[in-house]
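Reading through the structure tokens given below for one structure.
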Amino acid sequence: MRIDLHTHSTASDGTDTPADLVRAAAAAGLDVVALTDHDTTRGHAEAITALPSGLTLVTGAELSCRLDGVGMHMLAYLFDPEEPDLARERELVRDDRVPRAKAMVGKLQELGVPVTWEQVARIAGDGSVGRPHVAEAMVELGVVPTVSDAFTPDWLADGGRAYAEKHELDPFDAIRLVKAAGGVTVFAHPAAAQRGRTVPESAIAELAAAGLDGIEVDHPEQLAYAPESGPRLRALAADLGLLVTGSSDYHGTRKTCVLGEYTTDPEIYGEITRRATGAFPVPGAGGGPAA
Ligand code: AMP
Ligand code: ZN
Ligand code: FE
Ligand code: FE
């Protein structure tokens, strides 16, 4: 079984529509794929409708959080999308992305970049708007060669000249809310330091004590920029009784990683599905391998 538990579609900052994403996942030979768009579940319905036979969809989201001033991402799986408290928090974060992106456009204009909100809004379409969309506008204008090149202190990196903060969740609240909605939480790429500061291991221990289920260890940028994090995070997970996951964090053409670049052990996947009560994995029409 090949299981990829972290991907993005046009419902946030990926470039594949949810339907294209599940077709690409099947073509890549995956048995299970999780759709985890930033702060939104709006891609789920289309992904379910288009789900090829033999592929199982795990519904999820990647929640934007902040702990002691450090941005971090919390993957949430198989929660009830209708549960009102968690739905409200997702909406707060998602809605705040719009004024925040406008603020970044304003800062770029002050820096002499002729980007407009209309351009960013066109690139984002109806997806949850984020820095990759602003970055793509900068690529269109020839300011930077690639989206990644906009994630520097000169531009959009955390604390960069054109960076603006958005509303984010306290990760302890996120864990509590996701659990109350029947879901499972996995701290995404906890050591991906090329994106800015990371939270200390002591905080991961506190999150574990608060009910965090797992940490994402095998992740393209995390292993590329912090290869030593693999064994270190695995040891920490063993210490704290956390599940260890692997995934691609696929974003279509907006990042270089490919579907299934890293995967999650089937036993870990089984444990995630056993813990979840808010939603079930969706087998593709024709009866794909469910949990
Ligand atoms: P935001 O949620 O709007 O703050 O944007 C953060 C998102 O930008 C992350 O979830 C990634 O998808 C993307 N991102 C962060 N760093 C990079 C990078 N160096 N290159 C490309 N995309 C990145
Ligand atoms: Zn993203
Ligand atoms: Fe992330
Ligand atoms: Fe992601």
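The values are calculated or read from the model by the stated rules, or taken from the named source; none is laboratory data. Just so you know, these numbers come straight off a predicted model, no measurement behind them. Neighbour counts are summed over all protein chains in view; Cβ atoms, including those assigned to glycine, are modelled from backbone coordinates with ideal geometry. Just the protein is used for accessible areas: all its heavy atoms, side chains included, with ligands, DNA and RNA removed. Shrake-Rupley method; radii C 1.70, N 1.55, O 1.52, S 1.80 Å.
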Connecting every pair of Cα atoms under 10 Å apart in the chain and solving the GNM, the largest mean-square fluctuation among Leu55, Leu169, Leu207 falls on Leu207
In Å, what is the Rg of the alpha-carbon atoms in the chain, and how long is Dmax? 18.0, 55
Can you give the helix-only mean residue ellipticity at 222 nm for the chain, where every DSSP H stretch with n ≥ 4 adds -39500 (n - 2.57) and the sum goes over all residues, rounded to the nearest 500 deg cm²/dmol? -11500 deg cm²/dmol
Calculate, for the range 98-150, the solvent-accessible area per residue in square angstrom, rolling a 1.4 angstrom probe over the heavy atoms of the protein chains. 44
Per the 1.4 Å probe, what fraction of the accessible area of the chain, in percent, lies on carbon and sulfur atoms? 52
Could you work out how much longer the chain between Asp96 and Ala205 gets when fully extended? Use 0.36 nm per residue separation minus the Cα distance between them, nm to one decimal. 36.3 nm
If I stretch the segment between Glu140 and Thr256 completely, what's the gain in nm (0.36 nm per residue apart, minus their alpha carbon distance), one decimal? 40.0 nm
Between Arg274 and Arg66, what is 0.36 nm times their sequence separation minus the Cα-Cα distance? Round to one decimal in nm. 72.1 nm
Alpha-carbon Rg/Rh ratio, for the range 98-150, with Rh computed the Kirkwood way: 0.92
What's the magnitude of the charge dipole for the range 82-212 around its Cα centre, counting Lys and Arg as +1 and Asp and Glu as -1 at the beta-carbon? Answer in Debye, nearest 20. 200
